[in-house]
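The structure appears below as structure tokens.
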Amino acid sequence: MTGSASGCPFGSCQGGFGVVRVWDGLFDVKHTPEKEKRPVKVGLISLGCAKNLVDAEIMLGSLMQSGMEITNDAQTADVVIVNTCSFIDAAQEESVDTILESAEVREAHNRGQGLVVSGCLPQRFRDELPKLLPEVDAFMGIDQVAEVSQIVQRALDHRSERLTSVATPKVVGRKSKVAAQLAVLDAGKVQTEDEASSLRGTIKFNQTKVVAAPPVFDVTARPVYIPDYQTPRFRLTPNHFAYVKIAEGCNHPCSFCIIPKMRGSHRSRAQADIVAEAKQLLAQGVKELNLISQDSTYYGLDLRPNRTGSISAPEKFKAAAKALPADAVTLATLIRELNGLPGDFWIRLLYTHPAHWTDDLIETIAACPKVVRYIDIPLQHIHQTMLERMRRETTQEYIVDLIARIRAGIPGIAIRTTFIVGFPGETEEYFEALLDFIRETRFERLGIFTYSHEDGTRAGTMANQVPDKVKQKRRERAMAAQLEVARGVATRFVGREMEVLVEKIASVKELHSAQVSSWEHGLVRGEEATVPALKGKYLLARSAADAPDIDGRVYVQGTRLPLGQFARVKIVGHTDYDLIATPV
């Protein structure tokens with residue numbers, strides 16, 4: 001399950017930006033002959049988004065297939081893996097904190113333990129991390145997730161050798177220093193000619209750099225890996241829903257985003273391979289398939305014949321989509337094939353880019369009953385000047401028209417979006433235009449980011465940076481505007497019946513707090529005032545309009561409905577963002 005990070009990297013937690021704790025079992029860690037005979041036991045901490053979560057699931061599946069075991073005890077694990085996020089500064093700092101906290105736990109309880117760092121942080125700082133984090137025994141990148149077993153063994157060997165030859169570095173007091181050094185290093189990076197000429201890179205970027213001297217270092221400069229359905233995978237989500245990664249990487253030039261540099265260019269999985277994975281998941285009892293990628297609406301376009309580079313702008317994308325042969329793979333063809341699979345389940349579409357929506361996609365969603373009436377479409381801003389500075393490739397006129405077409409073409413659709421406030425150059429006038437747009441458009445789901453200054457991006461060097469206090473105030477004002485919208489949206493459902501997916505029995509904490517935030521979805525909402533009806537026992541459920549972990553909840557009175565199954569409920573009330581229901 002995902003959740004916000006706590007002070008200790010091995011504690012249980014709930015909420016925001018996707019921390020995963022996966023452990024199982026206890027064992028003796030003394031270096032005895034018996035230990036040499038038993039399987040290596042590995043613990044995993046995964047930070048970040050759903051896409052990172054899938055990488056973690058693949059790593060766990062590969063470890064288990066190789067005969068290694070997963071443990072829930074940080075102190076007694078042979079090796080701990082920290083799967084990192086480097087999306088924004090706060091996520092990067094969280095990753096550094098977790099790495100160094102893991103090193104502290106090791107130093108206090110199990111000095112022979114190997115420490116592996118994977119994911120976006122090594123991808124972003126592949127040359128610098130070995131010097132900045134000497135505590136780490138192995139660094140691995142996105143391309144190496146299926147090779148994690150070999151890297152774990154090499155990390156363990158490295159740690160054993162190191163204990164006999166090198167003094168262990170001091171961890172205390174280094175967290176803020178390392179995070180600051182990373183920011184300085186990123187700011188000083190010079191974009192190479194290869195990076196400037198093409199997002200896709202050259203042969204140079206597809207080579208793996210292996211440092212002969214310790215620590216173990218296996219990070220491809222420009223990732224090319226794509227999982228397939230035969231890749232071993234141990235799911236970390238509950239039995240009733242799963243994430244299906246349909247593509248990896250991104251081709252967009254957004255001025256605020258570092259993801260293309262970390263994750264590489266967009267690369268789609270074969271449609272038949274995705275469908276095969278979906279069949280496996282449905283056979284396991286999954287009731288909700290959440291389709292994810294960096295840009296789901298670009299799915300398949302990189303597979304078109306005779307392609308020359310990427311296509312970003314709406315008009316060019318529309319023309320390219322129309323020119324596709326009849327048997328071409330697109331997001332619409334994928335959705336139609338998934339919709340045709342037998343069984344009672346939901347298909348949810350996440351991470352769509354507004355520049356790549358087509359009439360065919362709108363018509364397909366409307367015609368496929370298993371596709372929930374919900375879309376995730378980050379818009380980031382509405383004022384034309386800000387869209388241009390953000391390099392979003394869309395105009396205000398285009399966005400307004402697209403939303404109108406989606407709502408007209410898919411009756412009952414719930415639209416989730418995110419906006420960035422405090423972007424460099426955002427004036428009070430530009431922000432007021434965004435506030436007016438939020439009030440007028442009345443999005444069913446909305447999250448707000450404050451702009452995160454990311455060195456290594458175009459926006460990081462822009463003039464007219466907005467002060468942090470102004471950013472925070474604007475976020476509060478934007479969420480206050482959305483709160484009024486959300487109350488109106490919730491009120492419309494009172495008295496209706498709806499289908500929900502029952503998740504679990506609600507805890508006391510969940511009944512009293514609805515704080516939700518995310519590295520990818522910004523501040524979704526703050527503390528929510530509950531109503532007297534939220535007393536007693538409730539089940540926690542989601543409607544079709546609510547994605548896992550980031551959207552609203554439906555609190556169903558009583559506990560008699562089966563968990564992990566669909567149920568009909570009647571809405572009898574609401575809080576600021578959530579609905580209250582009784583079983584039908």
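The values are calculated or read from the model by the stated rules, or taken from the named source; none is laboratory data. Bear in mind that the values here come from a model prediction, so they are computed numbers and not experimental data. No Cβ is skipped: glycine too gets one built from the backbone with ideal geometry, and neighbour counts run over all protein chains shown. To get the accessible areas, we keep the full protein, side chains included, count just its heavy atoms, and leave off ligands, DNA and RNA. Shrake-Rupley method; radii C 1.70, N 1.55, O 1.52, S 1.80 Å.
Filtering region 101-112 for residues that are without any contact (Cβ under 8 Å) to a residue 40 or more places away in the chain and within 23 Å of CYS257 (Cβ to Cβ) leaves an empty set.
If only residues of region 469-480 that are among the charged types (D, E, K, R) and within 25 Å of the chain's Cα centre (by Cα) are counted, the one that is farthest from ARG445 (Cα to Cα) is LYS471.
The residues of region 344-387 that are touching a strand residue (DSSP E or B) at 6+ places or on another chain (Cβ under 9 Å) and either more than 22 Å from PRO411 (Cβ to Cβ) or at pLDDT below 95 (or both), listed by number, are TYR351, PRO378, GLN380, HIS381, ILE382, MET386, LEU387.
Looking at GLU147, is it more than 20 Å from VAL40 (Cβ to Cβ), part of a helix (DSSP H, G or I), open to solvent by 10 Å² or more (accessible area, probe 1.4 Å) and in contact (Cβ under 8 Å) with a residue 24 or more places away in the chain? In short, no.
Whenever a residue of region 521-539 is modelled with pLDDT of 65 or more, its partners that are part of a loop (DSSP other than H, G, I, E, B) and open to solvent by less than 60 Å² (accessible area, probe 1.4 Å), lying with C-beta atoms within less than 6 angstrom and at least six residues away or across chains, give the pairs HIS521/ILE550; VAL524/ILE550; ARG525/TYR577; TYR538/ALA506; LEU539/LEU561. If only residues of region 508-520 that are more than 20 Å from the chain's Cα centre (by Cα) and open to solvent by 40 Å² or more (accessible area, probe 1.4 Å) are counted, the one that is modelled with the highest pLDDT is VAL508. Within region 68-81, residues that are closer than 12 Å to ILE45 by Cβ reach partners that are hydroxyl-bearing (Ser, Thr, Tyr) and open to solvent by less than 40 Å² (accessible area, probe 1.4 Å) with beta carbons closer than 7 Å, at six or more positions or on different chains, in the pairs ALA77/THR71; VAL80/SER102; ILE81/SER118. Here GLN92 passes the criteria (1) under 23 Å from GLY249 (Cα atoms); (2) open to solvent by less than 40 Å² (accessible area, probe 1.4 Å); (3) in a loop (DSSP other than H, G, I, E, B) except the one numbered (3).
Within region 60-78, the set of residues being open to solvent by 30 Å² or more (accessible area, probe 1.4 Å) and either assigned to a loop (DSSP other than H, G, I, E, B) or among the aliphatic types (A, V, I, L, M) (or both) comprises MET64, SER66, GLY67, ASN72, ASP73, GLN75.
Each residue in region 313-372 was checked for being closer than 20 Å to ALA544 by Cβ and not in a strand (DSSP E or B), and 27 of them qualify.
When only residues in region 105-144 that are in a loop (DSSP other than H, G, I, E, B) and open to solvent by less than 10 Å² (accessible area, probe 1.4 Å) count, which is farthest from THR220 (Cα to Cα)? So the residue we want is GLN113. Filtered by the rule that a residue be without any contact (Cβ under 8 Å) to a residue 60 or more places away in the chain, open to solvent by 30 Å² or more (accessible area, probe 1.4 Å) and either assigned to a loop (DSSP other than H, G, I, E, B) or among the basic types (Lys, Arg) (or both), region 540-557 gives a lone residue, ARG553. Screening GLU57 on (1) of a type in the set (D, E, K, R); (2) in a loop (DSSP other than H, G, I, E, B); (3) modelled with pLDDT of 55 or more shows it passes everything except condition (2). Determine, yes or no, whether VAL244 is assigned to a strand (DSSP E or B) and within 21 Å of ASN52 (Cα to Cα). Taking the combined requirement at face value, the residue satisfies it. The set of residues from region 565-582 being more than 11 Å from ARG553 (Cβ to Cβ), touching a Lys or Arg at 6+ places or on another chain (Cβ under 8 Å) and not polar (S, T, N, Q) comprises PHE566, LYS570, ILE571, ASP576.
Would you tally the residues in region 383-409 being touching a residue at least 60 places away in the same chain (Cβ under 8 Å) and either of a type outside the set (A, V, I, L, M) or open to solvent by 20 Å² or more (accessible area, probe 1.4 Å) (or both)?
Residues meeting the conditions: 6.
Per this entry, ILE81 is not counted among residues that are open to solvent by 10 Å² or more (accessible area, probe 1.4 Å) and farther than 26 Å from LEU350 by Cα. Entry remark, region 465-480: residues being part of a helix (DSSP H, G or I) and open to solvent by 50 Å² or more (accessible area, probe 1.4 Å) number 9 in total.
Filtering region 426-464 to residues that are crowded, with 17+ Cβ neighbours inside 10 Å, outside any helix (DSSP H, G or I), at pLDDT 95 or above and out of contact with any strand residue (DSSP E or B) (no Cβ under 7 Å at 6 or more places or on another chain) leaves only GLU426. Restricting the first member to region 271-285 and to residues that are at negative phi, and the second to residues that are polar (S, T, N, Q), the beta-carbon pairs closer than 8 Å and six or more apart or on different chains are GLN271/THR333; GLN284/ASN239. Restricted to region 481-496, and to residues there that are open to solvent by 70 Å² or more (accessible area, probe 1.4 Å) and in a loop (DSSP other than H, G, I, E, B), the residue that is nearest to ARG442 (Cα to Cα) is ARG492. Would you pick out the residues in region 297-324 that are crowded, with 17+ Cβ neighbours inside 10 Å and hydroxyl-bearing (Ser, Thr, Tyr)? Within region 297-324, THR297, TYR298, TYR299, SER310, SER312 meet the criteria. Out of all the residues in region 280-296, is one or more part of a helix (DSSP H, G or I), under 23 Å from THR333 (Cα atoms) and open to solvent by less than 30 Å² (accessible area, probe 1.4 Å)? There is at least one residue in region 280-296 that is part of a helix (DSSP H, G or I), under 23 Å from THR333 (Cα atoms) and open to solvent by less than 30 Å² (accessible area, probe 1.4 Å). If you go through region 558-584 and pick out every residue that is open to solvent by less than 60 Å² (accessible area, probe 1.4 Å), outside any loop (DSSP other than H, G, I, E, B) and in contact (Cβ under 8 Å) with a residue 60 or more places away in the chain, you end up with 8.
Criterion first (small (Gly, Ala, Ser) and over 26 Å from HIS266 (Cα atoms)) does SER149 satisfy it?
Values: small (Gly, Ala, Ser): yes; over 26 Å from HIS266 (Cα atoms): yes.
So SER149 passes the test.
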